[in-house]
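Q: Please find one structure pasted underneath; my questions will follow.
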Amino acid sequence: MKIPHNAHVSIVDGERFILTRNIGKIFEPKLEKLTDPKLDATNFSAGVKHQDDGGQRTGSTQLEELAHGAAVAEWLNARAVAGEIEELVVVADPKTLGEMRRHYHSELEKRIVGEVDKTLTGEPLESIAETLAKS
């Protein structure tokens, strides 16, 4: 995958959000950690479609994880609209990525240069960069 120099890379799962920037080359990314943004996961409507009877009985709806994905998308939307993010690669587990996509603002969509549907939040940045280069 091509990751432009200075592009932001967001690494997300149902609990964590790490924002990095590619300080390496387009085909040889090197990620620099910028921040772990603090989010207020308040959009619990995110998981409404997952509230089936079976999921409610077993407790497998995971509304907190879905609300976190929605909060990440809202945070990224605000930065894209403000012009703080020019190019973005989103790395997220499949469930979180699907939820995030439902909340993308059109301005953010224009700035997304790639998406990777893998859980990588627990990996070191060097390993994440290698995975992205191979994607």
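The values are calculated or read from the model by the stated rules, or taken from the named source; none is laboratory data. Here the structure is a predicted model, which is why all the values come from computation and not from measurement. Ideal geometry is used to build each Cβ from the backbone, glycine not excepted, and the neighbour counts take in all protein chains shown.
Q: Being under 14 Å from the mean Cα position of the chain (by Cα) and at pLDDT below 95 is the requirement here; does residue 99 meet it?
A: Values: under 14 Å from the mean Cα position of the chain (by Cα): yes; at pLDDT below 95: yes.
Yes: the conditions hold for residue 99.
Q: Mind listing whichever residues of the range 101-127 are touching a strand residue (DSSP E or B) at 6+ places or on another chain (Cβ under 6 Å) and assigned to a helix (DSSP H, G or I)?
A: Correct list: 111, 125.
Q: Can you pull out every residue in the range 80-96 that is in a helix (DSSP H, G or I) and at pLDDT 95 or above?
A: Of the residues in the range 80-96, the ones in a helix (DSSP H, G or I) are 80-81, 94-96.
80, 81 - these are the residues of the range 80-96 that are in a helix (DSSP H, G or I) and at pLDDT 95 or above.
Q: Please determine whether any residue of the range 33-47 is at pLDDT 85 or above and in contact with a helix residue (DSSP H, G or I) (Cβ under 7 Å, 6 or more places away or on another chain).
A: Filtering the range 33-47 down to residues at pLDDT 85 or above leaves 33-34.
Applying the additional criterion that residues be in contact with a helix residue (DSSP H, G or I) (Cβ under 7 Å, 6 or more places away or on another chain) yields 33.
Checking the range 33-47: at least one residue is at pLDDT 85 or above and in contact with a helix residue (DSSP H, G or I) (Cβ under 7 Å, 6 or more places away or on another chain).
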